[in-house]
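Data block below; observations after.
The values are calculated or read from the model by the stated rules, or taken from the named source; none is laboratory data. Because the structure is a prediction, the values reported are computed rather than measured. Because the Cβ atoms are built from the backbone with ideal geometry, glycine has one as well, and the counts that use them run over all protein chains shown.
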Amino acid sequence: MEKLAPPFRKIIHVDMDAYYASVAQLDNPELRGKPIAVGGGGDRGVVSAASYEARKFGVKSAMSNVLAKQKCPHIIFVKSDFARYKELTSKIREIFFEYTDLVEPLSLDEAYLDVTENKKGNPSANDIAREIRQRIYDETGLRASAGISINKFIAKVASDINKPNGQKTVHPDEVIQFLEELPVNKFYGVGKVTAAKMYNLGIFVGNDLKQKSLEELKTLFGKSGAHYYNIVRGIHNSPVKPNRIRKSIAAERTFFENISSEVFMLEKLNKIADELEKRMIKSSTKGKTITLKIKYSDFTQQTRSKTRSTFMQTKQEFFPVVKELLYQEKLKNSVRLLGISFGNLNTQKKVPVWVQLKFDF
């Protein structure tokens, strides 16, 4: 059987189970065991997160509240509480840092840990993951799942396999077979559109993907082609980056009623720009690229961007660009959401390359 050659890293991906919904159930015992959705319950809103009880009815994040209610008429909506999420996330990350300094948060509810060399001197990444999950539960009352393997890509895919409250280890000797048998829609980064394209090409599992040459994949999928070629062969050398660089800062707002007039949109964008300016100043961040995000009433989305030669931070500097982007072309429909984001930030500097040494897995 085909095998990968060492050296191997030991990577854990920890993913909290239905985090926002679980926090709501933790803080309000009356909600435990019931289908809940996090987010405003109005017809204009969308579900931010759903409990496992709600997921059984087909409710999931990014679904409109209207559809969520249709699928689960007795669903309970609760408001987001980011102060509480951050408080618990801080406690969880303190646990991570007791095992390794190589912790790369992806969001409030998930992170990569490189435990190749760890503070406990424990050679078993599987045991470390189990211990971390137990400690999270003991110290916060929340459940987590984990994936363990030789790189970030496989660890992230694995963490979803035995959810909730489980873990999956893909040993170095099992990596090739695991990837060959994995359905392509389970590959992290392959969305519905790409998966559908792969199905049309007769690519259903990793082994089908493996039959395509590098040039074929580049022709079919552009820049992503090389990524697919490598990951299906277990090649993903991205290190765990403890000082993750922020690539964008944004502010957006969904409206109670659709807006059709650019004049009203400009009024809303003014307020969004105020919030964005606060975030930029608070984080001491500046950016060169401004992007206007427009989500229409039919849920289609459009972005318009412009890059300046100098860094911007204040509303006085960037709002003229926002106005220019708004009037750049005619709107396709009435609008339900507007957002402004900064990219090409002054925080995006080159990071050191981590060299991994050889250890037994």
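Just one of 214, 201, 220, 182 is of a type in the set (A, V, I, L, M) and in contact with a Phe, Trp or Tyr (Cβ under 8 Å, 6 or more places away or on another chain); which is it?
Going through 214, 201, 220, 182 in turn, the sole match is 214.
Hey, residue 31 hits all of (1) of a type in the set (A, V, I, L, M); (2) surrounded by 15 or more Cβ atoms within 10 Å (Cβ to Cβ); (3) under 27 Å from residue 296 (Cα atoms) but one; which does it fall short on?
Failing condition for residue 31: (3).
Consider residue 265 against the criteria (1) free of Cβ contacts under 8 Å to residues at least 60 places away in the same chain; (2) more than 24 Å from residue 14 (Cβ to Cβ): it satisfies all of them except one. Which criterion is unmet?
It fails just one condition, (1).
What is the number of the single condition among (1) among the basic types (Lys, Arg); (2) within 16 Å of residue 144 (Cβ to Cβ); (3) touching a residue at least 24 places away in the same chain (Cβ under 8 Å) that residue 44 does not meet?
(2)
Here are some conditions: (1) assigned to a helix (DSSP H, G or I); (2) in contact with a Ser or Thr (Cβ under 9 Å, 6 or more places away or on another chain). Residue 304 meets all but one. Which one does it not meet?
So the condition that residue 304 fails would be (1).
Taking the stated definitions as given, is residue 138 assigned to a helix (DSSP H, G or I), surrounded by fewer than 19 Cβ atoms within 10 Å (Cβ to Cβ), modelled with pLDDT under 95 and acidic (Asp, Glu)?
Spelling it out, it is not the case that residue 138 is assigned to a helix (DSSP H, G or I), surrounded by fewer than 19 Cβ atoms within 10 Å (Cβ to Cβ), modelled with pLDDT under 95 and acidic (Asp, Glu).
Hey, can you tell me all the residues within region 139-192 that are within 22 Å of residue 227 (Cα to Cα), free of Cβ contacts under 8 Å to residues at least 60 places away in the same chain and of a type in the set (Ser, Thr, Tyr)?
188
Could you tell me whether region 147-162 includes any residue that is closer than 25 Å to residue 29 by Cα and hydrophobic (A, V, I, L, M, F, W, C)?
Within region 147-162, not a single residue is closer than 25 Å to residue 29 by Cα and hydrophobic (A, V, I, L, M, F, W, C).
Within region 227-274, work out how many residues are under 21 Å from the mean Cα position of the chain (by Cα), in a loop (DSSP other than H, G, I, E, B) and either within 27 Å of residue 328 (Cβ to Cβ) or charged (D, E, K, R) (or both).
5
Can you find a residue in region 71-91 that is in a helix (DSSP H, G or I) and over 20 Å from residue 140 (Cα atoms)?
Yes, region 71-91 contains at least one residue that is in a helix (DSSP H, G or I) and over 20 Å from residue 140 (Cα atoms).
All but one of (1) surrounded by fewer than 14 Cβ atoms within 10 Å (Cβ to Cβ); (2) in contact (Cβ under 8 Å) with a residue 40 or more places away in the chain; (3) not in a loop (DSSP other than H, G, I, E, B) hold for residue 94; state the number of the condition that does not hold.
Every condition holds for residue 94 apart from (2).
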